[in-house]
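Written out below as structure tokens is the structure these notes cover.
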Amino acid sequence: MSLRCLRRLLLILLTALPGAASSLRAQAPAQRRELAAFRDSLANVTDSTKLFGIEKLHISRARQPALYSPRTPADTAKAALLHVRLGFISLRLGDIVGRASYDSAASEFSWATELAPKWPYAWFGLGLAELGVGDAGNMFVRGLQTMLGKDALTRAANDFARSAEVDSSFVEGLTELSNTALRQRINARMDVALAALRRAARSPAAHNPEILLARGRVEREVGDPDSSLAALSSLLDTDPKNAVALLELARTRFAVGRLDGADPWYRGLALADHDALAMYRRDLSFIMPDSTLKRFDAATPEARLTLVRKFWEQRDRDELHRPGERLREHYRRLDYAARNFRLVSTNRQYNIEERYRSSQVEFDDRGVIWIRQGPPSDRRPYAAPGIEPNESWVYRREGGDLILHFVARNDVQDFRLVPSVLDVIGFSAGVQLEGRALGQGSPSTGTPIIASLLGRPVTNADSALLAQSDSRLANVADDVLRSREGIDPIYGRILTAGRGGRSSLIAAERDFGQRSIAIATETDAWPLHFASVLKAKMEVLAVGADSDGPQLQLLFGIPGSALTPIRVAAGLAYPVRLRASVLGLDGSVVATLDTAPALVVSSAVPAREYLLKRIALHVPPGVFTVRVSLETEENAGMVSTRDTVRVASPLGPALGLSDLALGTRAVHLSWPTAQGDTAWFNPLGSFHVKDPLELFFEVAGLPPRTPYHLELEVTRAGGRSLLSRLPLIGKRYSYFKVSSNLTTAGSLDQVHRQLKLDQLPPGTYLLTVVVSSETGGKVTRRRTFTVLK
């Protein structure tokens with residue numbers, strides 16, 4: 001029996017004697033002030049010898065007959081006060097010398113609660129002691145404690161709740177109750193904390209900053225954001241520089257989808273120090289690379305704010321979101337992970353075959369991925385007797401899908417990443433299946449191992465059992481593969497492949513899983529998602545310039561069948577949204593655009609015709625990646641990315657050539673250049689044989705009046721030159737490989753050529769333009785186009 005239980009039994013016997021003191025009334029304010037001051041004084045003591053001396057003195061007083069066996073209310077009050085003081089001494093010793101002193105503290109506070117059950121400080125101290133005592137060392141016992149509500153957090157929450165129950169204005173107890181409830185991973189006493197905080201709203205503690213902060217957190221957690229915002233706003237009215245309150249206000253706004261949470265979030269970061277800064281760092285650590293976190297730790301407040309702003313703004317613009325949207329999404333993901341993927345036990349242990357090992361203990365591996373990559377495009381589980389809980393996630397991506405597999409082996413709430421779906425059966429079984437190609441190998445391959453285990457030669461009966469085991473394993477593997485057929489074709493191919501091909505496919509699937517893990521755990525993403533795909537045509541061309549510098553031409557065509565008009569005074573309007581980001585090779589954001597262009601026409605666009613638009617975006621010279629999205633009000637959209645867009649500098653020093661603009665006067669999309677010429681565009685990419693093709697490009701980087709050489713060639717896409725294959729009917733056309741010598745008129749020379757198509761059979765062609773100068777520079781650009789009959 002523990003010391004705490006013995007003391008409790010003795011106290012029951014003593015208080016049952018005739019004349020025993022009755023329960024004391026609520027704790028007097030003077031006693032509370034005395035205990036608060038005593039506790040504060042102990043916080044400054046770091047010498048355990050001195051603390052043991054103070055404890056010895058208090059114990060000698062506790063042994064006085066009047067206090068050891070109190071019979072009057074006055075003696076009971078003195079005894080309770082003494083045991084609370086002894087409890088705080090043991091708590092401080094626990095901080096210095098270890099867990100045994102926490103158990104002594106729990107005994108002292110438990111004694112005090114029996115003597116004075118209406119004293120909040122006694123229950124408050126008992127809750128702190130329970131946190132210090134902690135949970136069992138054995139993982140299984142610890143998990144059982146948690147499931148049954150006997151873990152340290154639950155015990156402490158119950159004690160803090162009693163401290164708030166006996167005195168609704170007891171700030172320390174209310175605060176610890178709230179913080180403990182928020183820390184609990186299961187069996188959270190959130191309802192108890194909320195009820196206590198709402199009772200406190202009618203007490204003198206209602207406007208205490210700690211109570212307002214606690215209420216703001218708990219109200220948000222239970223799903224009442226309006227009350228949370230009210231509590232936090234009230235706190236900030238009196239303390240506008242409270243960094244923790246600003247962070248919590250931002251979290252609540254983000255939780256309800258508000259974008260204006262970014263303002264208090266950044267204000268709080270600018271003011272953050274110590275505890276608040278640790279909270280910010282914890283939130284960022286789930287996504288920010290270690291190298292950036294090191295810079296965050298070493299930075300001054302101003303530099304830290306600049307670093308973090310750049311970190312989030314780059315992600316916004318990189319994936320075409322408005323400023324602040326990626327930060328809001330991060331907190332929404334954190335909130336979802338906390339509610340769905342939180343670990344029950346923080347003591348994670350890994351097997352040797354588990355390659356990915358997360359350094360955090362907040363979430364299982366599904367939470368890690370969710371925070372970085374967001375919700376998957378599809379999820380597939382497989383359930384069968386003897387098979388551990390498992391899931392496979394797929395992320396459909398423009399640059400290639402990611403497929404991730406999770407298995408919960410040691411704990412049903414701790415899903416771990418594994419590279420292959422066959423690891424769902426067990427890692428060793430997965431490797432065995434890979435080696436034997438799902439039961440197609442010989443069971444004799446395992447004979448030496450089995451013989452060593454049995455200590456005797458393997459008999460025919462042993463071999464039969466081994467073959468039977470292989471057969472069952474292969475059947476389970478087939479079922480697991482079938483459950484994943486919907487997320488990728490490779491699983492169906494493994495099922496239908498022959499003996500030789502199956503092993504290589506299984507190995508390829510494992511390699512792909514390892515690559516997916518590396519990408520998913522080291523990067524983050526939030527690509528735009530639309531309810532449906534917009535079947536529009538889009539084109540990005542680095543051509544054109546004006547007095548403000550070079551331009552990108554953003555061109556699109558949307559079929560009438562994908563548009564819904566709105567009647568306006570001028571006719572019919574088609575609402576669309578165009579977003580663009582221009583990124584440098586280092587990932588920096590060079591230019592952005594987010595616009596709703598005016599698309600107003602006099603009559604409806606027929607279903608098979610296209611609504612066309614050109615929008616120019618100024619950029620500096622350089623090499624960029626350009627990402628563009630186009631969407632309609634029906635949430636149909638598309639995203640197009642063009643890598644390696646080269647924008648030539650008009651000032652050189654190197655010879656430069658713009659992209660090739662191909663258009664036709666039959667498609668009414670043009671741009672009047674600064675030199676008075678007209679460039680024609682056709683984002684649809686197809687041209688009728690009867691409509692001449694209008695070619696426009698710019699030669700840059702050469703001084704005025706500099707000669708250069710131009711070559712144009714048309715070939716079949718992927719084939720040889722058309723020059724030797726074109727039929728000669730009627731007039732002789734110049735389809736061809738043609739060259740000419742030109743001279744620049746200025747620093748940016750514009751070239752316009754018209755190419756007739758009526759001698760070309762329908763098909764796809766490649767136009768090549770080569771420009772070279774006498775100084776030795778040479779630049780080539782190519783474009784494909786399609787000819788329709």
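Throughout, read-outs are computed from the coordinates displayed, never taken from laboratory work. Just so we're clear, the structure is a prediction, and the values are computed from it rather than from any experiment. Cβ placement follows ideal geometry from the backbone for every residue including glycine, while neighbour counts extend to all protein chains displayed.
Figures for the structure shown
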{"item": "Vicinal HN-Hα couplings computed from phi for the range 529-535 (Karplus, 6.51 cos²θ - 1.76 cosθ + 1.60; Hz; Gly/Pro x)", "result": "10, 10, 5, 8, 7, 7, 8"}
{"item": "Set of lysines with alpha-carbon distance to LYS778 below 22 Å, sequence-local pairs under 8 removed", "result": "LYS737"}
{"item": "Within straight-line cross-link reach of LYS294, aspartates and glutamates at Cα separation under 14 Å, skipping those fewer than 8 residues along the same chain", "result": "none"}
{"item": "Listed peptides 33-46, 518-531, 229-242 by packing density, highest first (mean Cβ within 10 Å)", "result": "229-242, 518-531, 33-46"}
{"item": "Order by protection proxy (mean Cβ within 10 Å, highest first), peptides 67-76, 402-411", "result": "402-411, 67-76"}
{"item": "³J(HN,Hα), Karplus 6.51/-1.76/1.60, whole Hz, each residue of the range 232-249, x for Gly, Pro", "result": "5, 5, 4, 5, 6, 4, 9, 9, x, 9, 6, 5, 5, 5, 5, 5, 5, 4"}
{"item": "Relative contact order (percent, whole number), the range 39-98, Cα cutoff 8 Å, 6+ residue spacing", "result": "47"}
{"item": "Mean-position separation - Cα centroids, the range 190-247 and the range 610-644, in angstrom", "result": "45"}
{"item": "Amide H contacts under 5 Å for ASP167, placed H, 5+ residues apart", "result": "none"}
{"item": "Ordering of 366-376, 491-501 by packing [mean C-beta count within 10 Å, highest first]", "result": "366-376, 491-501"}
